[in-house]
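Read the structure below first, then the notes.
The values are calculated or read from the model by the stated rules, or taken from the named source; none is laboratory data. What you see is a predicted model, and the numbers here were worked out from it, not measured in a lab. Cβ placement follows ideal geometry from the backbone for every residue including glycine, while neighbour counts extend to all protein chains displayed. Side chains included, ligands, DNA and RNA excluded: accessible areas come from the protein's heavy atoms. Shrake-Rupley method; radii C 1.70, N 1.55, O 1.52, S 1.80 Å.
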Amino acid sequence: EVVKAFKPEKNIIADFGEDSFNFIHSAMRNVCVNGTGGKAFYGIRNIQFAGKTGTAEVGIGSKKQNHSLFVGFGPIDKPIEEQIAVAIIVEFENNNHLKYAGNLGAMIMSAYYYKEDYINAAKRCGYPVKESYN
């Protein structure tokens, strides 16, 4: 469900050429195909989403914890009015692959693109789900 739609606007004029923009765009697409988000987006690889994964480590030694991060957008082959952008942080994911932000990003993007619910998005992405999840 779209809570609030925003009209794209340019806030900053970056001083770099279109070649640089295309390189970054391509690199972010590659993250969702062959990179650190490749497994998360495997089930929806045919849709051209782009993104960047990340991990923030907090604490030291045995108290070290991980936060999982993902930002993404797409489908990049559609007009901007038909695209979605997401930013996700999962605190204390601690190597629990079902809590990785990239996986959640793929599910959100799949649900948006296919107009499906959580359970069907999770299944499309290849994640184990229980029918009782809500």
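Things to note:
- Condition met for Phe73 (under 29 Å from Asp117 (Cβ atoms) and in a strand (DSSP E or B)): yes
- Positions within region 15-35 being under 30 Å from Asn120 (Cα atoms) and open to solvent by 100 Å² or more (accessible area, probe 1.4 Å), in sequence order: Asn34
- Residue in region 36-51 that is surrounded by 10 or more Cβ atoms within 10 Å (Cβ to Cβ) and assigned to a strand (DSSP E or B) present: yes
- Test: residue in region 79-87 that is open to solvent by less than 60 Å² (accessible area, probe 1.4 Å), among the hydrophobic types (A, V, I, L, M, F, W, C), under 24 Å from Val129 (Cβ atoms) and at pLDDT 90 or above: yes
- Every pair of residues 6+ apart whose Cβ atoms lie under 6 Å, when the first sits in region 30-46 and is aliphatic (A, V, I, L, M) while the second is crowded, with 17+ Cβ neighbours inside 10 Å: Val31/Gly37; Val31/Gly51; Val31/Lys52; Ala40/Gly102; Ala40/Asn103; Ala40/Ala106; Ile44/Ser110
Per-residue answers, yes or no, for (1) surrounded by fewer than 11 Cβ atoms within 10 Å (Cβ to Cβ); (2) under 23 Å from Tyr127 (Cβ atoms); (3) modelled with pLDDT under 95:
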{"site": "Ile13", "(1), (2), (3)": "yes, no, yes"}
{"site": "Phe73", "(1), (2), (3)": "no, yes, no"}
{"site": "Leu98", "(1), (2), (3)": "no, yes, yes"}
{"site": "Glu116", "(1), (2), (3)": "no, yes, yes"}
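- Among the residues examined, Val58 qualifies as open to solvent by less than 100 Å² (accessible area, probe 1.4 Å), touching a His at 6+ places or on another chain (Cβ under 7 Å) and closer than 22 Å to Asn94 by Cβ.
- Residues that are closer than 16 Å to Tyr100 by Cα and touching an Asp or Glu at 6+ places or on another chain (Cβ under 8 Å) within region 33-87 comprise Gln65, Asn66, His67, Ser68, listed in sequence order.
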